[in-house]
Amino acid sequence: MRKAIAAGRITAEVDGTINPVRADAEWAASTRAPDPPLAAPARPARARAASGVDVDDLAGVAPVTAKGGGNTYAQARTANEVLKAQHHKLRIAQLKGELIDRSQAMAQVFALARAERDAWLNWPARISSMLAAELGVDPHTMHVALEREVRQHLTELADFNARLD
């Protein structure tokens, strides 16, 4: 009320009191008529609950457009809040150590797979002479046979194509 009096939108009596009927009339005269509200489009219940929004619930909700084809301010604001909530959720998960950098993970998996492959390729050279002595066969023949089978097995494993979606 003090702001309205200071702005000249309503006037106070000489004794400082406010006549409610006159104040209502002055207020109505000095206030711009509000725009008629747009017909609120029907939205899913989960999109209407602005407080306590679960980010996963709104992630797939398509924006509802107003008559002009654009989003209303409320829809844009809701979308912005959902986006901020998703960002904060991801940031918290990252800080908790629940998320890792994809490029680092890919590099680690590649290094692990290469080390595993190299270990298998070196295995026939390490074990062939002991197996040959134990079985009483030529060490070179044993080495060639083991290496052939290991390489064939690694080739079969290389055909596996993991999806990283």
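Non-local amide H neighbours of N71 (under 5 Å, H modeled in plane, Pro and chain starts lacking H): which ones?
A66
Please name whichever of A111, H87, V144 sits farthest to the positive end of the charge dipole of the range 80-165, dipole taken about the Cα centre and charges placed at Cβ: Lys and Arg +1, Asp and Glu -1.
Of the options given, the answer is H87.
Computed FRET efficiency, Cβ-Cβ of A111 and V144, R0 35 Å: what is it to the nearest 0.05?
On the way: r = 29 Å, r/R0 = 0.84.
Given R0 = 35 Å and the Cβ-Cβ separation, E is 0.75.
Leaving ligands, DNA and RNA out of it, report the carbon-plus-sulfur percent of the accessible area of the range 95-155 at a 1.4 Å probe. Each step should come with its number before you reach the end.
Working: 3010 of 4930 Å².
Ligands and nucleic acids excluded, carbon and sulfur reach 61 percent.
The values are calculated or read from the model by the stated rules, or taken from the named source; none is laboratory data. Here the structure is a predicted model, which means the values were calculated and not measured. Note: ideal-geometry Cβ built from the backbone for every residue, glycine included; neighbour counts use all protein chains shown. For the accessible areas, the whole protein counts, side chains as well, though only heavy atoms, and no ligand, DNA or RNA atoms are used. Shrake-Rupley method; radii C 1.70, N 1.55, O 1.52, S 1.80 Å.
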